[in-house]
1. From the list Asn53, Asn18, Asn63, pick out the single residue that is touching a Leu at 6+ places or on another chain (Cβ under 9 Å), outside any strand (DSSP E or B) and free of Cβ contacts under 8 Å to residues at least 40 places away in the same chain.
2. Checking Arg35 against (1) surrounded by 12 or more Cβ atoms within 10 Å (Cβ to Cβ); (2) part of a loop (DSSP other than H, G, I, E, B), which test does it fail?
3. Take the residues in the range 1-50 that are in contact with a helix residue (DSSP H, G or I) (Cβ under 6 Å, 6 or more places away or on another chain) and among the polar types (S, T, N, Q), then tell me which one is modelled with the lowest pLDDT.
4. In the range 4-15, how many residues are exposed (fewer than 11 other Cβ atoms within 10 Å of the Cβ) and not in a strand (DSSP E or B)?
5. Among Phe36, Phe28, Phe12, which is the only one that is touching a residue at least 40 places away in the same chain (Cβ under 8 Å) and of a type in the set (Phe, Trp, Tyr)?
6. Could you grab me the full set of residues in the range 21-32 that are in contact with a strand residue (DSSP E or B) (Cβ under 9 Å, 6 or more places away or on another chain) and not in a strand (DSSP E or B)?
7. Can you name the residue in the range 68-82 that is charged (D, E, K, R) and over 10 Å from the mean Cα position of the chain (by Cα) and, of all such residues, is most open to solvent (accessible area, probe 1.4 Å)?
Amino acid sequence: GFRSYGLDRCVFNSSDLNDIEYIRSYYFNKLELLRFSSSLGKYVGYTELGVKNAERWNKDLSNLAAMRAQKETYCKNHVDNA
């Protein structure tokens, strides 16, 4: 069968919010199609389908604002616990 999944992760060296990067990746059959990176503040595609979806999703300003907020709402809590 086919497997599709998303992965959220935080990359950090300190608990300072400016040093944290939030990444949400989308995979299909172990191949990363696209990801949102808080360092870039947008989606980036890695396959033909991923590039098309990234272009479309980057036009949705409310979605981008919600994803940018994840660095503080998702990562900050986990970094403090680590």
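The values are calculated or read from the model by the stated rules, or taken from the named source; none is laboratory data. Predicted, not measured: the structure shown is a model, and the values here were computed from it. Cβ coordinates were reconstructed from backbone atoms using ideal geometry, including for glycine residues, and neighbour counts include every protein chain displayed. Note: accessible area is taken over every heavy atom of the protein model, side chains too, but ligands, DNA and RNA are not part of it. Shrake-Rupley method; radii C 1.70, N 1.55, O 1.52, S 1.80 Å.
1. Testing whether each residue is touching a Leu at 6+ places or on another chain (Cβ under 9 Å), outside any strand (DSSP E or B) and free of Cβ contacts under 8 Å to residues at least 40 places away in the same chain leaves just Asn53.
2. So Arg35 meets the others, but not (2).
3. This residue is Ser15.
4. Count: 2.
5. Step by step, each of Phe36, Phe28, Phe12 is checked, and only Phe12 is touching a residue at least 40 places away in the same chain (Cβ under 8 Å) and of a type in the set (Phe, Trp, Tyr).
6. Answer for the range 21-32, where residues must be in contact with a strand residue (DSSP E or B) (Cβ under 9 Å, 6 or more places away or on another chain) and not in a strand (DSSP E or B): just Asn29.
7. Glu72
Here is a yes/no grid of residues against (1) closer than 21 Å to Tyr5 by Cβ; (2) out of contact with any Cys (no Cβ under 9 Å at 6 or more places or on another chain); (3) open to solvent by 30 Å² or more (accessible area, probe 1.4 Å):
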site: Tyr22; (1), (2), (3): yes, no, no
site: Tyr26; (1), (2), (3): yes, yes, yes
site: Lys30; (1), (2), (3): yes, yes, yes
site: Gly41; (1), (2), (3): no, yes, no
site: Tyr46; (1), (2), (3): yes, yes, yes
site: Glu55; (1), (2), (3): no, yes, yes
site: Asn58; (1), (2), (3): no, yes, yes
site: Asn63; (1), (2), (3): yes, yes, yes
site: Ala66; (1), (2), (3): yes, yes, yes
